[in-house]
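To keep things clear, I will list the structure first and then write my remarks on it.
Since every read-out is calculated from the coordinates, none of them should be taken as a lab result. If you're wondering where the values come from, they're calculated on a predicted model, not measured in any experiment. Positions of Cβ are backbone-derived with ideal geometry, glycine not excepted, and every protein chain shown enters the neighbour counts.
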């Protein structure tokens, strides 16, 4: 008993210390940080009943996953109610969505109690919250909090939503902060709905409203929260993988699950790929030794994601990003947000696989096999992927299908019934996912794509530099398992072997749950790496970049699957390998892997600078940078945010993607006529529509024909016109006199200085 008391005291002191550290490090950002953390803490507690049932075999009853499941379900409920125009997307409605989630969890708990003796079930639930489970929950929460604090602190050295995709991601959020219903209006093509997978950014907006923080804080809080989950969810999964292996093998737990968890979290969220050590240290050192050329100065961290087609330069330029790079870069893009949910699906799949036992096929209840909480939850998340990041829908439908099939084959002794059940479960997941995403797809025009055969392929040496380490680890693991299986079969009698005809079935039956799961996701990851070498999905990106998006989306998920696999494999083989060669091989792999962990340090230093110099800390307000870099625009944006409600169309100059244009619509959420060209081309699919609006915008800003301008304003229902530096740079002959006569000048920057341009806002007269 005294040990538990000491443990509780240590945990309490740690919690208080972390809060104090957060207060000292984050300064003015402490309050929004605490609000956000407490919000997701409460969501996790609310969804514990359902989660603890699904993750009943996990050491912590799936506590960490209860947060992501809670975010997904409560966020989806709010989105659904707003899509059906039942509730407006307000703070109050967000709270109602969580309350509905609470009622669902209480109803589920009562239902489970009815299935058993109510008192006995309640006692078992209360018991689950004591002892080792409670200790695991508190420890994981403290570790999550510590990582979250560190990530937010680092982000405070470069918090701005500027560059790459940040304008788009933040603009989605500001637009939805103003929106009453879903789908939100396209802020870059007024009068239409967003025709893109916006629900990931919606989830960020949902949490922003729910936690009562400003959207300028919510962007970075969401991004770094995902980073913390990208460490902790693989930690939990790898912990339970090794724990399961040790339990089935009759071995003691000791600290091996913790070690596997830490390696898994680091592999998914912290590590880079082997491009980093090769070109950071080994190639420069080799060149120096050979005297070929001077050693390059420094290492630019994005090079690890732009290697194929760039070094050397070819006409096959690709993208092969990974989570560590994403969190440093800071785009709150679809593939980043969905890390939360793809890791949750993997956790559900393994928890489901663990919970299964050998079945008597004569007593099978098909309905119970198909409609069970885990399968329903997988169907829900697969449906959610339709709306958050569509590429993950086919990827994880296949991954889930492989795991479900192999589990059914083992459970049902490789009889035909296993294939029937898998088929029915697959159909159910597909149909349920379609129901989940139906309100989204009804308002979505599918972006035109087609599958083409790959012409250019990756040179083998580049393939091995980027993915050789995890691929060889998985392949070697498969070879080791086969070798162990063959030795095992030699010890068995022939009569026993004849009971199962197919050696593949005997091999799968030989594997334990953890080995089977890791082998499955590892082989799926290899498949994702190889697919872009055979086919690619054709979209608007052509020429040198035709397979860039396909490789990007597939290999990103392969990296996550590989990360979980390696977290398990290093401990599994080094400590429990059956031969000395297995242990040596895995140890060599771990040494190479350790080099990739340094990538995060280099990337952070390159992007954020010296994070140990606290005087450089800027805070996590994503828009504060505009006060210095675009002061006139900043003041106008401030006026619009303080004085304009709803979603009136506000005209600003249109521009190319990845430029400063559309800063007004992005920072306010107010829709404009036309935004970033390449993005709208992708979403609308017809560039001629963009050309028409571009010409009309130019007419409004430059024409001398008042009637024509008024006609266009009425056509597009424009209520505000903004004139600033970029408008006057793009349209040199801006007709200020005509524009000001269209209505009332409600804002004007009267500061003079050395400005050669005007800054003002006109509210159009009715």
- Note on the structure: In degrees, nearest 10, the alpha-carbon axis of helix 131-155 is tilted away from the dominant principal axis of the alpha carbons of the chain by 30
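Going by how many other Cβ atoms sit within 10 Å of their own, how do 300, 681, 367 line up, fewest first? Walk me through the numbers before you get to the answer.
Values: 300 12, 681 15, 367 9.
If I rank by nearby Cβ atoms, fewest first, I get 367, 300, 681.
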- Sorted peptide list for 570-579, 381-390, criterion being average Cβ within 10 angstrom, highest first: 381-390, 570-579
- Note on the structure: In this structure, the FRET efficiency calculated for residue 110 and residue 27 from their beta-carbon separation, with R0 = 56 Å, to the nearest 0.05, is 0.80
- Task: Treat the count of other C-beta atoms within 10 Å as a stand-in for reagent exposure and order 238, 484 from fewest to most.
- Result: 484, 238
- Message: Could you tell me the calculated FRET efficiency between residue 694 and residue 613, based on Cβ-Cβ distance and R0 = 41 angstrom, to the nearest 0.05?
- Response: 0.35
- Message: Quick check: pseudo-label points 7 Å beyond the Cα along Cα→Cβ at residue 423 and residue 579, how many nm apart are they?
- Response: 4.1
- Where the centre of each part is set by its Cα atoms, how far does segment 550-603 sit from segment 172-232, in angstrom? 34
- Note on the structure: For the chain, the longest principal axis of the Cα atoms and the Cα long axis of helix 513-530 enclose an angle in degrees, to the nearest 10, of 40
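Once fully extended, how much extra length lies between residue 56 and residue 2, figured as 0.36 nm per residue of separation less the alpha-carbon to alpha-carbon distance? List each step's numbers first, then the result.
Numbers: separation 54, 0.36 × 54 = 19.44 nm, distance 2.79 nm.
Roughly 16.6 nm would be gained on extension.
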- Note on the chain: alpha-carbon gyration tensor, axes a ≥ b ≥ c; rule is a/c under 1.5 for rounded, else prolate if a/b larger than b/c, else oblate; result prolate
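Just for the chain, what percent of DSSP beta bridges are antiparallel, to the closest 5? Kindly include the intermediate steps, with their values, before the conclusion.
Values: 15 of 18 bridges.
Antiparallel: roughly 85 percent of the beta bridges in the chain.
Any chance you could run the full-extension gain for residue 303 through residue 247? It's 0.36 nm times the residue separation minus the Cα-Cα distance, nm to one decimal. All intermediate terms of the calculation are to be shown ahead of the outcome.
Numbers: separation 56, 0.36 × 56 = 20.16 nm, distance 4.26 nm.
That works out to 15.9 nm of additional length.
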- Task: Round to the nearest 10 and give me the degree value, 0 to 90, for the angle of helix 598-608's Cα axis relative to the longest principal axis of the chain.
- Result: 10
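Give me the Å³ per residue figure for the convex hull around the C-alpha atoms of segment 299-401. Don't skip to the answer; put the middle values down first.
Numbers: hull volume 15.3 nm³, N = 103.
That works out to 149 Å³ per residue.
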- segment 599-739: proportion of alpha-carbon pairs further apart than 18 angstrom, %: 64
- What order do you get for 478, 486, 469, 554 when you list them from fewest to most C-beta neighbours inside 10 Å? 486, 478, 469, 554
- Message: Quick check on packing: order 685-695, 369-379 by the mean number of other C-beta atoms within 10 Å, highest mean leading.
- Response: 369-379, 685-695
- Message: Among 200-210, 411-421, how do they line up by average Cβ neighbours within 10 Å per residue, starting with the highest?
- Response: 200-210, 411-421
